[in-house]
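All remarks here apply to the structure that follows.
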Amino acid sequence: MILWRALIDTPVGVMRALASDQALCAFEFHDEGRMARLDRRLARWLPGIELRDGDHPILAQTRAWAEAYFRGDSADTSRLPLDARGAPFEQRVWAALRDIPPGTTTSYGAIARTLGDAGASRAVGMANGANPIAIVVPCHRVIGANGSLTGYGGGLDRKVWLIEHERRHWSAAPAATGRLPFDAP
């Protein structure tokens with residue numbers, strides 16, 4: 001299988017996009033640690049792939065989506081075909097993440113309850129952290145049950161930036177306080 005590879009500049013850093021002929025397979029922060037993690041994941045779920053640099057229609061579509069997202073024009077990912085490979089539970093969590101509206105947040109426990117297993121918060125957190133399609137599959141929208149900011153593979157500064165960006169452009173909630181859910185009162 002061939003995956004096409006491109007680097008995409010964003011306000012939160014360079015992202016590495018990988019696409020098959022049919023769908024986006026990865027969109028990850030181009031940091032050394034994140035790339036090593038992504039490479040291990042690819043070796044597990046897509047053994048024997050060949051990576052090629054260059055233009056591809058799915059990469060062009062991803063680049064256009066990223067430009068619209070970061071301009072604040074649209075966070076809609078419904079037209080971007082995705083193929084994130086993972087275990088069945090991971091797939092279920094990633095599908096639930098895509099249901100979190102931009103400008104809002106939820107908790108690991110809330111996602112676990114949505115999936116029918118209120119005790120699976122930790123497993124949801126692990127699946128959230130394994131997400132290979134950052135921002136598009138919005139794992140950054142998950143915070144602690146008490147409203148605290150929790151870990152993010154891309155770094156907490158990026159998580160805050162993304163949540164604030166979405167809140168500015170797509171939040172349906174009133175911004176009376178001007179604070180994020182995890183901000184100190």
- Message: Can you show me the helix-derived [θ] at 222 nm for the chain, built from DSSP H runs with n ≥ 4 at -39,500 (n - 2.57) apiece and divided by the number of residues, rounded to the nearest 500.
- Response: -12000 deg cm²/dmol
- In whole Hz, with x marking every Gly and Pro, tabulate ³J(HN,Hα) for the range 118-131 from phi via Karplus 6.51 cos²θ - 1.76 cosθ + 1.60, θ = phi - 60°. 4, x, 9, 4, 5, 5, 4, x, 5, 5, 4, x, 8, 4
- Query: Mind checking which of Ala110, Ala118, Ala26 has the largest fluctuation in a GNM of the chain, springs on alpha carbons under 10 Å?
  - Reply: Ala118
- Item | Rounded Å value of the spacing that divides the Cα centres of the range 74-107 and the range 33-51 | 20 Å
- the chain - Rg and Dmax from Cα coordinates, angstrom: 16.1, 52
- Query: Quick one: length gained pulling Ser78 to Trp45 fully straight, 0.36 nm per residue minus the C-alpha distance?
  - Reply: 9.5 nm
- Task: Kindly write out, for the range 108-114 in residue order, the coupling ³J(HN,Hα) from the Karplus curve 6.51 cos²θ - 1.76 cosθ + 1.60 (θ = phi - 60°), rounded to whole Hz, with x marking Gly and Pro.
- Result: 4, x, 5, 5, 4, 5, 4
- Message: Could you report the accessible area of Ser78 in Å², rounded to 10, computed with a 1.4 Å probe on the protein chains as they sit in the structure?
- Response: 90 Å²
- Query: Top to bottom by accessible area (1.4 Å), largest first, where do His140, His169 land?
  - Reply: His169, His140
- Message: If each residue of separation counts as 0.36 nm, what is the full-extension length gain between Glu164 and Thr104 once their alpha-carbon separation is subtracted?
- Response: 20.6 nm
- Item | Accessible area (Å², per residue) of the range 40-185, counting only protein heavy atoms and a probe of 1.4 Å | 51 Å²
- Item | Ser20 long-range amide H proximity, modeled H, under 5 Å | Trp4, Cys25
- Note on the structure: Out of Trp161, Trp65, Trp94, a Gaussian network model of the chain with alpha-carbon springs under 10 Å gives the largest mean-square fluctuation to Trp161
- Task: Using the Karplus curve 6.51 cos²θ - 1.76 cosθ + 1.60 with θ = phi - 60°, work out ³J(HN,Hα) for each residue of the range 38-54 in order, rounded to whole Hz, and write x for Gly and Pro.
- Result: 5, 4, 5, 5, 4, 4, 6, 9, 9, x, x, 6, 10, 8, 10, 7, x
- Note on the structure: At R0 = 25 Å the Cβ-Cβ FRET efficiency linking Leu7 and Arg122, nearest 0.05, sits at 0.15
- Note on the structure: Expressed in angstrom and ordered largest first, the alpha-carbon extents of the range 126-167 along the principal axes are 22, 21, 15
- Build a GNM of the chain with springs between Cα atoms under 10 Å: which of Gly116, Gly129, Gly72 gets the top mean-square fluctuation? Gly116
- Between beta-carbons, use under 13 Å as the cut-off and find the net charge around Pro132, counting Lys and Arg +1, Asp and Glu -1. +3
- Message: Computing the accessible area with a 1.4 Å probe over protein heavy atoms, can you report the carbon and sulfur percentage for the chain?
- Response: 52 percent
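The values are calculated or read from the model by the stated rules, or taken from the named source; none is laboratory data. Everything quoted here is computed from the prediction, not taken from an experiment. Please note: Cβ atoms are built from the backbone with ideal geometry, for glycine as well, and neighbour counts cover all protein chains shown. Note: accessible area is taken over every heavy atom of the protein model, side chains too, but ligands, DNA and RNA are not part of it. Shrake-Rupley method; radii C 1.70, N 1.55, O 1.52, S 1.80 Å.
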